[in-house]
Amino acid sequence: MKQQDVRPGAPAQQSSGSPAAFSVSSALRIVEAVKRLIGKETCIIDTQGIIIASTSPERIGQFHAAALALIASGAQQLIINEENQHVYPHCRPGVNLPIAVDGVLQGVVGISGTQQETELFGKIVQAFIQEQIREINSTQRRMRSDELRNGFLSRWFLDSAGIPERELLAQAQLLRIDMGVWKTVCVLTSPKLRTSQSGEVLPGLDALHRLQQLVLAYHEENAVVDLGFYFILLLTEGAPRRCEALCQSLLTSFAAQTGVELCAGIGTPVSAPRQLRQSFREAQIACNTASFDPAGRVRLFSGLRTDLVLRFVPKDYQQSMFEGVFGSFSEKELEETMQLLRSYIRCNGSITAMAGDLFIHKNTVQYRLRKLFETTGLDVHSVSDMTWLHLLYKIYQIGQSNPAPF
């Protein structure tokens, strides 16, 4: 490779006014990676001729005359050797190469060593660094885009009561957000996700990243919105049961990766963007009821019945209702009765199925149901009595779970 001895004062051939596309921390990681690859001292110089990263930390912040001369000339390389080293004070022998990405000069990389060594590795290192910067730029653009989308969708779901829908949709169009692609809103939360034992709020970036990866694996247009105390999932899927299966799989994978158990609520499917906010409120309610029941971590709003009724019944009245029926039961009797009711609900009243579920004989199931009627006066075979028993069972679940406020 022919040597080019570029000296200060030569005419510039390429604009160097663009700021560096990488942070100092990124530049430091890059030079360390280069040193591991080729075993040579390496530094990165910004467009003002200042060393911003070096495998020799004492050089960071120093002026690099050769790099500035290379930038001014627009040449393809500048080699420092014994013949010209006096021209560039404090610069080490080696090769200096411009770093340009998409036609924009970002800085200079300097590799210390003999001319033969540095010419051998120079172009490889130059290409490596330029590719690293492209990846950094791509990541930064994606992060800015995600931040803009997250901010907009947060306003859509939380702060948009006074904002005309037409204005919101216009903002979405400017941000290139297709609101019509999403058909179902889900809400995910867990008290353990954000609060440590000391009461401090834990960062959710890792949880958000993991959720995004899992959700995008199902469809590239799915989205996750981080609202700080819970997550919103926007799914392209409109079939409730398929959304339920997706959430079940998602929660299982997330728990396996993080050890955190989430609960999820799923709103009703929408046909227009304006309905997303209502689906979000429904998903909130469904998620809240899911946190009451450890056996059912995913709830469809369309499947809620007694849960919705209880949502509007004061807790002190719920307790009074429960004690009015089961107040005289011992702890053991109450536990057995609640197991019986849970099985009756789960098995849809089938005595055979209940016997298998409870691991007892069918005659024993019928005996316990008769005993329940004799003790409470409520007959599971009566629609009105069973509705009341179902409500009381839900109150028991809520009392057992004692969840934190949503």
>> Defining a contact as two alpha carbons under 8 Å apart and six or more residues distant in sequence, what relative contact order in percent does the stretch 63-179 show?
In response: 16
> Averaged per residue, what accessible surface does the stretch 89-144 expose to a 1.4 Å probe, in Å²?
Replying inline: 49
> So for THR376, THR118, what's the accessible-area order with a 1.4 Å probe, most first?
Replying inline: THR376, THR118
>> Explain nothing, just compute: Karplus ³J(HN,Hα) = 6.51 cos²θ - 1.76 cosθ + 1.60, θ = phi - 60°, for every residue of the stretch 68-84 in order, whole Hz, x for Gly and Pro.
In response: 5, 5, 4, 4, 5, 7, x, 6, 7, 6, 9, 9, 9, 9, 5, 6, 10
> Accessible surface of TYR367 in the full protein assembly, 1.4 angstrom probe, to the nearest 10 Å²?
Replying inline: 120
>> Using a 1.4 Å probe on the protein heavy atoms only, what accessible surface does ILE136 show? Give it in Å² to the nearest 10.
In response: 30
> Residue by residue through the stretch 279-286, which ³J(HN,Hα) values in whole Hz follow from phi under the Karplus form 6.51 cos²θ - 1.76 cosθ + 1.60 (θ = phi - 60°), with glycine and proline marked x?
Replying inline: 5, 5, 4, 4, 5, 4, 4, 4
>> So, taking all protein chains as they sit and a 1.4 Å probe, how much accessible area belongs to LYS40, in Å² rounded to tens?
In response: 40
> Can you tell me the Rg and Dmax of the stretch 127-183, counting just the alpha carbons, in angstroms?
Replying inline: 15.6, 52
> Roughly how big is the stretch 326-406's charge dipole about its Cα centre, with Cβ charges of +1 (Lys, Arg) and -1 (Asp, Glu), in debye to the nearest 20?
Replying inline: 180
> Does the stretch 45-168 come out rounded, prolate or oblate, given a ≥ b ≥ c as the square roots of the eigenvalues of its C-alpha gyration tensor, rounded meaning a/c under 1.5 and, failing that, prolate meaning a/b above b/c?
Replying inline: prolate
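The values are calculated or read from the model by the stated rules, or taken from the named source; none is laboratory data. Everything quoted here is computed from the prediction, not taken from an experiment. Don't worry about glycine lacking a Cβ; one is built from the backbone with ideal geometry, like all the others, and counts go over all protein chains shown. For accessibility, only protein heavy atoms count, side chains too; no ligands or nucleic acids. Shrake-Rupley method; radii C 1.70, N 1.55, O 1.52, S 1.80 Å.
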